[in-house]
Each structure stands twice: as C-alpha cells, then as structure tokens.
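To start, the structure under review is shown below, and the notes come after it.
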Amino acid sequence: MVMIQTWRWCSSLALAVAAGLSGIGCEALTARNTVPDELEGPALLITTTDFATGALSVYDLERDVMYADVAFASSDAIPFSDGEYVYLLNRFMHDYVSVHDPSDGFGLVAEHAIVTPEATSANPHGLAFVDVGRAVVSLYGASQVQIHDFLRAPGASLVGTVDTSMLEDEDEIAETEFAYVDGGRAWVLSHPVNRLDGWTPVGFDQLVEVDVDSAELIDLDSEITGVQGIPLPCAWAREHRPHPTDAGHLLVLCEGVVDVDLEAATWDWHVPPERFPDGADMDYLQPQDFVVSKDGLHTVVAIYTADFSEVELWEVDKDAPATLLAGGLQSAERSLEVHEGELFFGDRDVQRSGLRRFSWEGGALDEAQSTGLPPYSVGTWRVP
C-alpha cells in the first residue's frame, strides 16, 4: 500500500548507508549539496540506482551544476514532467508514481499507487500528460491503460480505465510500452510480447489512439477483428520523440527510426535499418535510445555492440553511412538527451559512472559528473 508522505525526503538513503550515519539531522547530510529552493530550468532529470535502492538527481543545464540525491526513488524509476511537476514512474513490482515540486526543492507532493486487481504488478511503463497533473498511463503488466489526475489526493487519482484486452497476445496480456499526447490526442504503443516464450515479440508494434474523454481505444479499421492502430514496420520499439520540424509527426526507435504521420496514420523511415551500424545483422535488442537535432537533419542513436558488452553513440542518416561518435559506455535504460547541440549520456561504467557530455561530433567535453548512485534513466524538465 502506498501512503502519502507529509514529510520531505531529506537525504539519500544510499549516502546515509554508505557513510554509516545514524541519528544525524537533515542539515548534516544536505549541506554538501544543497538543492535550490526553486529551479527554473532547463534541467536534466536523472534517476539513479544500484538495483537495491534509487534516487533522483537533477542537472541544472544553465548553471552546469549537479544536484545529487534530491529525492528518493525505487530501483526501477523513469522520470517524466508536465512542465510544472516532476513525476517518477516506479515500474515492475513497485507500481506507483511519486510527484515532486521543483519550485519547492523537489519536495514530495504525493505518491499514487498504479494497481489493478488483474495483475500482481501493473508494471506502468509510460506517462503522457493531457494537462498539468492529468496523464495517460500505459501498463505493461495488465490489459489496461489508466488515466490519472496526479494532483488529486492519493487513492483518488484514477479517473478512467481503458480496456485493452482486444490487443492481447498469446500470454493474454496486452502490453503497452509508452504513451504519447499531441494536440489533445493520445496514443499508446501496443508492444505485444509472449512472456511465456522468453518475452519474444509477437508480430509488429502499433500505435493505438486513446479517446481520453470516453476512455476507449479508437479503431482505425472496424472491418478487421480487434482494434487496429497505426502499424509500425518493426517490433520492440524503445523510445519515441516528437519530430522537431514536422508537427503531428512522431519518431519511434526500433530497428531503425520510424517517422509516423499521426494525422494520416502512415509511416516512413526517418532512418532505415540498413543505415544503422550493423545493418541487416543487427539484433532487435541492440538499439536503446536516440536524439534528433533541432533541424531534424541529424540523428544520434545509443546502441549496444553486437556482443552487448558496451554502448556506443552513432550518428545515423537516411542517406549516409553511420559514423561512430563515442564508445565504451554502459547503461541499463534510456540515458541519452541533447541540449543546445550537446549530447548528454548517463554512463554506468564501473570506473567512471555519471553524466557524460559530448559535442555533436563525439568529443568528450569534460569528465563524468557524479550523479550519486550510477545513472539509470535520463529525462528533461523545461528543455525547449
């Protein structure tokens, strides 16, 4: 049971345990890394973990300052923002969202359980905001999409439930990976995998529109059994980002980068698979994250090497061979962001874990900045 906390989490659990501290007040633990009373942005949101505990660290992009361990998190947390608040989506077997206020030192506003009686773990995987506090929540562990108002009191945030059972695959669960909102319309990624057969993909992914008001899926072809969305040409999609120059287009990373026209319900390749470093020989599990320049002309993908021993950054293009920018990196989740033409990567390398910064050409601009615990996932707050 998740309960609202009326106190502010004042120190990193990992820091306290590592230092062997007990009975010491908040001042002693936070003095070495004071959190700003009000962060105006832009900033990177970095969840960190040693897979036993976790935290949120924040990197102020304008001041080049890292604020480590500003809030507690689970060991499987992904950061999101609606532009006002910061939300930590705590996933498998944690099943809750914590809300934090950047205008109040990232103090904890509330915690909200994401549960359903049909599943041991609802395993929420994505948030997309239709308004401040109001979000579509995709579930990976149940045949449901939920709509929450996270500014309500804990226990009262659930305002809508969307049945997705018609998207179920052989394991009788309709996995939805991410959620996306554009112009008041909402989509979820149907990501069918058979967990009874080693979590292998079942056909291709598709983007399915959600009517938030009626809490129903929108079927694009009623003459075909089930609910039909926008089919994608690949499986195991990893990340999505709005197209920087084409309004109403969504870019999706899988074996290549797909450019989806949401209005026309069609797709084209932004970067086809053959332009990735391993081309046709690439394993579908290798791509991990990607970013696109503001003019839409340049794309960088974080991708595992063929033996999965490390992560590399490659610039990929629709009409040119891939170019290696940086290698020797380690990560467990989506950890790549871009700001003002610079690349930021949350590196879990045992010897140098932290936030690393590269020029778009791949040159390291400084040493890794410590994030407290090793970085897990990187998101943005008020980054244009």
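Highlighted here are the strands (runs of 3 or more DSSP E) found entirely within region 81-126 that include at least 1 residues which are more than 20 Å from S57 (Cα to Cα): 107-113.
Restricting the search to strands (runs of 3 or more DSSP E) fully inside region 238-322 and requiring at least 2 residues that are farther than 24 Å from L189 by Cα gives 311-317. Restricting region 18-59 to residues that are in a loop (DSSP other than H, G, I, E, B), at pLDDT 95 or above and open to solvent by less than 50 Å² (accessible area, probe 1.4 Å) leaves a set whose member that is farthest from V383 (Cα to Cα) is T53. Looking only at residues that are in contact with a Gly (Cβ under 8 Å, 6 or more places away or on another chain) and among the small types (G, A, S) in region 31-70, which one is nearest to E340 (Cα to Cα)? If we take residues in region 31-70 being in contact with a Gly (Cβ under 8 Å, 6 or more places away or on another chain) and among the small types (G, A, S), then S57 is nearest to E340 (Cα to Cα).
Kindly check whether there is at least one residue in region 93-102 that is open to solvent by less than 10 Å² (accessible area, probe 1.4 Å) and within 14 Å of the chain's Cα centre (by Cα). Taking every residue of region 93-102 in turn, at least one turns out to be open to solvent by less than 10 Å² (accessible area, probe 1.4 Å) and within 14 Å of the chain's Cα centre (by Cα). Each residue in region 175-190 was checked for being assigned to a loop (DSSP other than H, G, I, E, B) and touching a His at 6+ places or on another chain (Cβ under 9 Å), and 1 pass.
Once region 343-373 is narrowed to residues that are within 28 Å of G83 (Cβ to Cβ) and assigned to a loop (DSSP other than H, G, I, E, B), the residue that is farthest from the chain's Cα centre (by Cα) is L365.
Might you let me know whether region 82-89 holds any residue that is within 19 Å of S353 (Cβ to Cβ) and surrounded by 21 or more Cβ atoms within 10 Å (Cβ to Cβ)? No, region 82-89 contains no residue that is within 19 Å of S353 (Cβ to Cβ) and surrounded by 21 or more Cβ atoms within 10 Å (Cβ to Cβ).
For V316, the stated conditions do not hold, so it cannot be described as under 19 Å from H240 (Cβ atoms), at pLDDT 95 or above and open to solvent by 20 Å² or more (accessible area, probe 1.4 Å).
Can you tell me how many residues in region 337-370 are of a type in the set (V, I, T) and within 14 Å of G327 (Cα to Cα)?
0
Going by the conditions given, is E175 in contact with a Phe, Trp or Tyr (Cβ under 7 Å, 6 or more places away or on another chain), at negative phi, at pLDDT 95 or above and open to solvent by 10 Å² or more (accessible area, probe 1.4 Å)? Answer is no for this residue. Candidates are the residues of region 374-384 that are assigned to a loop (DSSP other than H, G, I, E, B) and in contact with a Pro (Cβ under 8 Å, 6 or more places away or on another chain); the one that is least open to solvent (accessible area, probe 1.4 Å) is V383.
Could you say whether any residue in region 216-223 is surrounded by fewer than 19 Cβ atoms within 10 Å (Cβ to Cβ), within 26 Å of E274 (Cα to Cα) and at pLDDT 95 or above? The answer is no; no qualifying residue exists. A156 meets the conditions (1) hydrophobic (A, V, I, L, M, F, W, C); (2) part of a strand (DSSP E or B); (3) open to solvent by less than 50 Å² (accessible area, probe 1.4 Å) in every case but one. The failed one is (2).
Applying the set (1) open to solvent by 50 Å² or more (accessible area, probe 1.4 Å); (2) under 29 Å from A119 (Cβ atoms) to P242 leaves exactly one unmet item: (2). Quick one: in region 274-288, which of the residues that are of a type outside the set (D, E) and more than 14 Å from E315 (Cα to Cα) is most open to solvent (accessible area, probe 1.4 Å)? Restricting to residues being of a type outside the set (D, E) and more than 14 Å from E315 (Cα to Cα), the top hit is A280. Applying the condition of being in contact (Cβ under 8 Å) with a residue 60 or more places away in the chain and open to solvent by less than 10 Å² (accessible area, probe 1.4 Å) to region 178-189 and asking which residue is farthest from G203 (Cα to Cα) yields W187.
Among the criteria (1) over 30 Å from D221 (Cα atoms); (2) open to solvent by 10 Å² or more (accessible area, probe 1.4 Å), the one T299 does not fulfil is (2).
The residues of region 107-163 that are of a type in the set (V, I, T) and touching a residue at least 60 places away in the same chain (Cβ under 8 Å), listed by number, are V130, V136, V145, I147. Confirm whether F72 is modelled with pLDDT of 95 or more, open to solvent by 30 Å² or more (accessible area, probe 1.4 Å) and either assigned to a strand (DSSP E or B) or in contact with a helix residue (DSSP H, G or I) (Cβ under 7 Å, 6 or more places away or on another chain) (or both). Against the criterion (modelled with pLDDT of 95 or more, open to solvent by 30 Å² or more (accessible area, probe 1.4 Å) and either assigned to a strand (DSSP E or B) or in contact with a helix residue (DSSP H, G or I) (Cβ under 7 Å, 6 or more places away or on another chain) (or both)), F72 qualifies. Is it the case that some residue within region 278-288 is within 24 Å of Q206 (Cβ to Cβ), in contact with a Leu (Cβ under 7 Å, 6 or more places away or on another chain) and either hydroxyl-bearing (S, T, Y) or modelled with pLDDT of 95 or more (or both)? Yes, some residue in region 278-288 is within 24 Å of Q206 (Cβ to Cβ), in contact with a Leu (Cβ under 7 Å, 6 or more places away or on another chain) and either hydroxyl-bearing (S, T, Y) or modelled with pLDDT of 95 or more (or both).
The values are calculated or read from the model by the stated rules, or taken from the named source; none is laboratory data. Bear in mind the structure is a predicted one, so any value in this text is a computation, not a measurement. Neighbour counts run over all protein chains shown; Cβ positions are idealised from the backbone, glycine included. For the accessible areas, the whole protein counts, side chains as well, though only heavy atoms, and no ligand, DNA or RNA atoms are used. Shrake-Rupley method; radii C 1.70, N 1.55, O 1.52, S 1.80 Å.
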